[in-house]
């Protein structure tokens, strides 16, 4: 369930980034105090959203790495169950990596 939530978060963030970029492009030729304030705010939001996306991306990578480490430990203790686990992990990692 956690993966669905983080994937949804990443999608939401991409929408925010795209909307902010569109706003900045749309107002590029315009001047005036009000427009400049809106642009400054949009640029700040864009930076914040990009940062959150990077942090979320790193968190996803770390989660996948932790899963691999845990399985690695299990393999050394129980070589036979490892065969079944390896198939499951391959499937999970394939799904995680395929979403990017």
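Entry remark, the stretch 6-16: residues being buried (at least 16 other Cβ atoms within 10 Å of the Cβ) and over 9 Å from the mean Cα position of the chain (by Cα) number 1 in total. When you check residue 61 against the structure, is it modelled with pLDDT of 80 or more and assigned to a helix (DSSP H, G or I), yes or no? So residue 61 fails the test. Out of 98, 90, 84, 94, one residue alone is modelled with pLDDT of 70 or more, surrounded by fewer than 13 Cβ atoms within 10 Å (Cβ to Cβ) and more than 23 Å from residue 9 (Cα to Cα). It is 90. Assess whether residue 36 counts as being at pLDDT below 80 and farther than 27 Å from residue 7 by Cα. When the stated conditions are applied, residue 36 does not pass them.
Taking the criterion of being closer than 28 Å to residue 95 by Cβ and modelled with pLDDT of 80 or more, the residues of the stretch 15-29 that qualify are 15, 18.
The values are calculated or read from the model by the stated rules, or taken from the named source; none is laboratory data. Being a predicted model, the structure only gives us computed values, none of them experimental. Positions of Cβ are backbone-derived with ideal geometry, glycine not excepted, and every protein chain shown enters the neighbour counts.
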